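The values are calculated or read from the model by the stated rules, or taken from the named source; none is laboratory data. On a predicted model such as this, the values are computed, not experimentally measured, just so you know. No Cβ is skipped: glycine too gets one built from the backbone with ideal geometry, and neighbour counts run over all protein chains shown. Surface areas here come from the heavy atoms of the whole protein model, side chains and all, with no ligands, DNA or RNA. Shrake-Rupley method; radii C 1.70, N 1.55, O 1.52, S 1.80 Å.
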Amino acid sequence: THIRQLIQSQGKVFNKEDVKKMHEEKKAKKNKVWNYIFLLIFIIFCIVYILMTFHQCQINWAFQLTKSMTTALNSYVFERTNPISEQVSNNLRLEDVVTQEDATLYLTQVLPRALFNSSRGMFGDKPNPLKLYQ
């Protein structure tokens with residue numbers, strides 16, 4: 001009734017269907033604006049999601065980490081003694097590990113040196129505690 005009085009005061013006479021149609025058009029226009037806002041938010045979400053996925057799929061960082069670890073582990077050698085001939089084999093590397101005893105020798109001789117001697121960093125003005133390992 002209030003809307004009808006407002007419309008009649010402007011000199012226009014509308015029936016109930018016209019007022020209902022005008023209200024629905026106004027509501028549809030408002031919903032259309034919200035649809036565009038939600039579409040814009042969804043597009044921004046998709047762009048951010050694609051960028052995050054792209055950065056996580058880059059293998060460059062994983063490759064560099066693997067390469068530095070492989071280099072550190074292969075740069076040191078270990079020695080083993082043949083239990084039968086008691087001959088000492090020097091200059092054995094990671095790829096020469098065959099038996100469980102070789103693995104134990106590698107872990108006790110090479111791994112500590114590879115982990116602690118390959119560290120180049122400093123902690124402020126103090127020496128790197130990894131380099132102090134004996």
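Residue under question is Met22, and the condition is that it be part of a helix (DSSP H, G or I), open to solvent by less than 100 Å² (accessible area, probe 1.4 Å), out of contact with any Pro (no Cβ under 8 Å at 6 or more places or on another chain) and closer than 30 Å to Val110 by Cβ; does it hold? It is false that Met22 is part of a helix (DSSP H, G or I), open to solvent by less than 100 Å² (accessible area, probe 1.4 Å), out of contact with any Pro (no Cβ under 8 Å at 6 or more places or on another chain) and closer than 30 Å to Val110 by Cβ.
Put simply, of Phe63, Phe54 the only residue that is part of a helix (DSSP H, G or I), under 30 Å from Pro112 (Cβ atoms) and either of a type outside the set (Asp, Glu) or modelled with pLDDT of 80 or more (or both) is Phe63.
Residue count for region 85-97, restricted to those that are within 20 Å of Met69 (Cα to Cα) and either of a type in the set (A, V, I, L, M) or in contact with a strand residue (DSSP E or B) (Cβ under 9 Å, 6 or more places away or on another chain) (or both): 6. For region 39-87, a tally of residues being under 30 Å from Val110 (Cα atoms), aromatic (Phe, Trp, Tyr) and open to solvent by 70 Å² or more (accessible area, probe 1.4 Å) returns 2. Give region 88-120 a look and list any residue that's at pLDDT below 80, assigned to a loop (DSSP other than H, G, I, E, B) and loosely packed, with under 12 Cβ neighbours inside 10 Å, or say none. The one that is at pLDDT below 80, assigned to a loop (DSSP other than H, G, I, E, B) and loosely packed, with under 12 Cβ neighbours inside 10 Å: Arg120.
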